[in-house]
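To start, the structure under review is shown below, and the notes come after it.
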Amino acid sequence: MSAWPRDRKHTTDIFALLREESRDHVAEVTPPGAGWLASAQANPRSALAQWEDRPTAPAVLPCGTVFDVVNVPTVFGRRMLGRLWDEGPGSGPVAMHRGRMMLFTAPGTAQRLPSLLDWEEWGEAVPPLICHGIGDAVTVPALTPSATPSAPRWLVAPGTRRPWLPGPEVLLWACVRAARDGARPGVRISIFPPADQGAKVYDVSRRR
């Protein structure tokens, strides 16, 4: 856990942002962050030129090479962010669109995360996630905030040319803890599959 990069000031800022109810207080993309987003396109210079002409217009970007996107319900997504920033490594860029939260993740996450969730056999503990990877495209917020309430907006905007992106294991960890946060009192959610009652138990404490 201690090996994950964390910025204490950024942690404070993101929680202030997440608690803020007004849509006037949103994060903006920096020029290096815009360059990172544009690199997902086949022609990054063309994408940057379009944004320069229309900085308040959202864009459609392909997934699978520069980033994947995990799309989650807003309430569950806020629980995930709370865990990621309070106990984990933080998050990559995060956007809101059509009442759902979009977490930008490392390429390959869209393919591996559903498999990890299925393997853990959590049933309804984790709400259905929409994972966008190779062959998919997502609508990303404008470089500058839009005055339209229904427009996509950034919660954590790209700020560097190489932003850190969580992978499937980190997202799995966050999903488990978010599910625990939302579980009914007395309901215990384990990060391990149910034990096989007929399985043998081996002492591995002496392994090197």
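The values are calculated or read from the model by the stated rules, or taken from the named source; none is laboratory data. Keep in mind that this is a model prediction, so the values were computed, not measured. Cβ: placed from backbone, ideal geometry, glycine included. Neighbour counts: every protein chain shown. Please note that ligands, DNA and RNA were not included when accessible areas were found on the heavy atoms of the full protein model with its side chains. Shrake-Rupley method; radii C 1.70, N 1.55, O 1.52, S 1.80 Å.
Selection of region 49-72 for residues being open to solvent by less than 70 Å² (accessible area, probe 1.4 Å) and of a type in the set (A, V, I, L, M) yields 49, 57, 59, 61, 66, 69, 70, 72.
You will find that of 160, 109, 105, the residue that is open to solvent by 30 Å² or more (accessible area, probe 1.4 Å) and not basic (Lys, Arg) is 160 and no other. Scanning region 59-98 for residues that are touching a Ser or Thr at 6+ places or on another chain (Cβ under 6 Å) and more than 23 Å from residue 144 (Cα to Cα) turns up 84, 85.
Does residue 135 satisfy the criteria of being open to solvent by less than 20 Å² (accessible area, probe 1.4 Å) and at positive phi? No, not satisfied. Residues of region 163-182 that are in contact with a strand residue (DSSP E or B) (Cβ under 6 Å, 6 or more places away or on another chain) and open to solvent by 10 Å² or more (accessible area, probe 1.4 Å): 165 alone. Is it true that residue 64 is in contact with a Gly (Cβ under 7 Å, 6 or more places away or on another chain) and small (Gly, Ala, Ser)? Spelling it out, residue 64 is indeed in contact with a Gly (Cβ under 7 Å, 6 or more places away or on another chain) and small (Gly, Ala, Ser). Tallying residues that are open to solvent by less than 30 Å² (accessible area, probe 1.4 Å), more than 15 Å from residue 178 (Cβ to Cβ) and assigned to a strand (DSSP E or B) within region 73-102 yields 3.
Filtering region 129-152 to residues that are in contact with a Lys or Arg (Cβ under 7 Å, 6 or more places away or on another chain) and under 17 Å from residue 72 (Cα atoms) leaves only 141. The residues of region 131-160 that are farther than 16 Å from residue 57 by Cα, part of a strand (DSSP E or B) and at pLDDT below 95, listed by number, are 155, 156.
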